[in-house]
1. Under a straight-distance cross-link criterion of Cα-Cα below 17 Å, which aspartates and glutamates are reachable from Lys23, leaving out those fewer than 8 residues away in the same chain?
2. Roughly speaking, what is the centre-to-centre gap between region 129-164 and region 69-109 when only Cα atoms are used, to the nearest Å?
3. What's the extension gain from Ile137 to Val90 if we count 0.36 nm per residue and subtract their Cα-Cα distance?
4. Under a cut-off of 20 Å between alpha-carbon atoms, report the lysines in cross-link reach of Lys86, not counting same-chain residues fewer than 8 places apart.
5. Hey, any idea what % of region 1-155's accessible area is carbon plus sulfur with a 1.4 Å probe?
Amino acid sequence: KIGLAVSPANPDVVYAIVEAAEKGGFYRSVDGGANWDKMSDQGTSSPQYYNEIFADPKSEGRVYSMDTFMMMTEDGGRNFRRAGEKWKHVDNHALWIDPSRSEHLVLGGDGGLYFSWDRGRAWDKINNIPLTQFYDIAVDMEDPYQVYGGAQDTHSWVGPSRTRNHI
């Protein structure tokens, strides 16, 4: 499995995080993908769930790697460190980086939606959006039918597909 990211700061720079038995790790290309250099052995703890990377729009060498603990490099992949999990649920899956102010991050993960204004050192949880991550859903034969879901980290849920109320 391979996660790719093109640097918005320099579109000739492409990053790849590779899960492979012998040649896995973090790679960088400076010529649009024609040639690749292995920068480190950095991978993810569980590639079937993660292996997503996001390049910072302002800094060519800064890349975030989704994982149980979000990882970050500022030197093009040679070294990684945790971006910060204080006061935030672990298991990170999606990231938006503000193109005009790249220290502003919006992160989606098993614990919900979070904002950071300092590149992940601190996080604000967004609690007013009713959402969850479902691994599987099923329905029954009721009228209206019920929807059953197995949700990540929050057990199983059931609810009507619709109501007879117009409110």
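1. Counting by Cα, and skipping residues close in sequence, Lys23 has these aspartates and glutamates nearby: Asp37, Asp41.
2. 30 Å
3. 14.6 nm
4. Within reach: Lys125.
5. Looking at region 1-155 in its full context, I get 52 percent from C and S.
The values are calculated or read from the model by the stated rules, or taken from the named source; none is laboratory data. Model, not experiment: these values are computed from the prediction. Just so you know, the surface numbers come from the protein's heavy atoms only, side chains and all, with ligands and any DNA or RNA stripped out. Shrake-Rupley method; radii C 1.70, N 1.55, O 1.52, S 1.80 Å.
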